[in-house]
Amino acid sequence: MKGFQYKRIVVKVGSNVLTLADGTLDFDRMKSLVDQVAVLHAKGVEVVLVSSGAVASGRSALNLNKKLDPVSARQVFSAVGQAKLINRYYELFAEHKMFCGQVLTMKENFGTRRHYLNQKNCMTEMLACGVIPIVNENDTISVTELMFTDNDELSGLIATMMNAEALIILSNIDGIYDGNPADSSSKVIREVRQEKNLSQYIQSGKSSFGRGGMLTKCNIARKVAEEGIPVFIANGKKNNILIELLQNPEQTVSTKFVPSDNATSSVKKWIAHSEGFAKGEVHINRGAAEALAQKASSLLFVGVTDIKGDFEKDDIVKIFDEDGNELGVGRAQYDSEKARTLIGKKGVRPLVHYDYLYLD
């Protein structure tokens, strides 16, 4: 068997891959996926699996007559469905004399460096012990405003956190098409570089059982590729898709987002994905904005004109120029109360050090 190009990958499998038309789990598809992971594992490839399917599985199992609000329904269905899902994975991996472990997380767990590293260390040790991490959002205690957009967003965070060599997003179609996928004349766009505009090709519809669609997959793929990780969108309904993609990526039908050549540190990868967790805003003058753009520079108080919102030391803050344009995000070295007293001052420690600054 031909060798594999990558040694650590994150695989995201969507609800429409793992479920049948009636919303029940597709056990044959799950078995096919696990069989492929087992082959990769035997060849030394470390795999982190980000798996949807819990809510759809719970919904079909319970078949409630009682009307629930959307958040309550998601909590109840996921509580039942996650147990059903992970139990099935456990049984399937056991057939290969392998172990898997459940990792449930929430968006706020990525908001602080300590929680971020705790998750990373846990999954790193699982992989070192030969255990397959199966990651999903902890929907039982998440509420709407704190949810990930979908598991595509979660898989992007996991890929950058784990320093993956590739992220593979498995959907129920072959990739991003240059027209309607149902149209036989439409073709899969095989390669996407950073400058390519895909807006005319992307449909905004969402999947039947998941929260996401191709638009969010595209946005997440671009962001992960910008940080140096190749991303593939491929058809998880195809048998042996993972094996073929890792052995012959050029010959396997999929859409590849070509990674940026600019290496990004692990800290800056975390900060880049932390925009949604920002606790406050820092507004700077034109001189400070030009300094940040032209060279590796920290954000000094002498260029700060205003601070909005309340934040603690080490929280993520958004940075804006004097025209209101968002320039990026960074980790604050002061809390907001202390920072306000230092606006415009020289000779003090930077508000955001360059090592903890990520510019768009």
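Of note:
- Rounded to 5, the percent of DSSP beta bridges in segment 251-334 classed as antiparallel: 70
- Cross-link pairs beyond the 20 Å C-alpha cut-off, checked among 43/120; 269/338; 120/237; 223/269; 12/238; 268/346: 43/120; 269/338; 120/237; 268/346
- GNM result for the chain, Cα springs below 10 Å: residue of 69, 310, 321 fluctuating most strongly: 69
- Amide H to amide H distances under 5 Å link residue 19 with 26, where only residues 5 or more positions off or on other chains count and H is placed in the peptide plane.
- Computing Cα Rg over 2.2 N^0.38 Å for the structure here picks out one of (i) 1.01; (ii) 0.91; (iii) 1.05, namely (iii).
- The angle between the Cα long axis of helix 214-226 and the main principal axis of the chain comes to about 60°, on a 0 to 90 degree scale.
- Residue among 330, 53, 44 with the largest mean-square fluctuation in a Gaussian network model of the chain, springs linking Cα atoms under 10 Å: 44
- Straight-distance crosslink candidates among aspartates and glutamates, where the alpha carbon sits under 15 Å from residue 97 and sequence neighbours closer than 8 are dropped: 35
- Label-to-label distance for residue 8 and residue 131 is 1.7 nm, based on points extended 7 Å past Cα in the beta-carbon direction.
- Helical contribution to [θ] at 222 nm, DSSP H n ≥ 4, -39,500 (n - 2.57), averaged over the chain, rounded to 500: -10500 deg cm²/dmol
- The C-alpha atoms of the chain define a longest principal axis, and helix 151-161 lies at about 60 degrees to it.
- Choice from 155, 32, 186 showing the highest fluctuation, given a GNM over the chain with Cα pairs closer than 10 Å: 186
- For segment 125-134, 3J(HN,Hα) per residue [Karplus equation, 6.51 cos²θ - 1.76 cosθ + 1.60, θ = phi - 60°, Hz, x = Gly/Pro]: 5, 4, 4, 4, 8, x, 9, 8, x, 10
- By DSSP, the beta bridges lying fully in the chain are antiparallel in about 40 percent of cases.
Each reported figure results from applying straightforward, stated rules to the coordinates on display, with no laboratory input. Predicted, not measured: the structure shown is a model, and the values here were computed from it. As a convention, Cβ positions derive from the backbone with ideal geometry for all residues, glycine included, and neighbour counts pool all protein chains shown.
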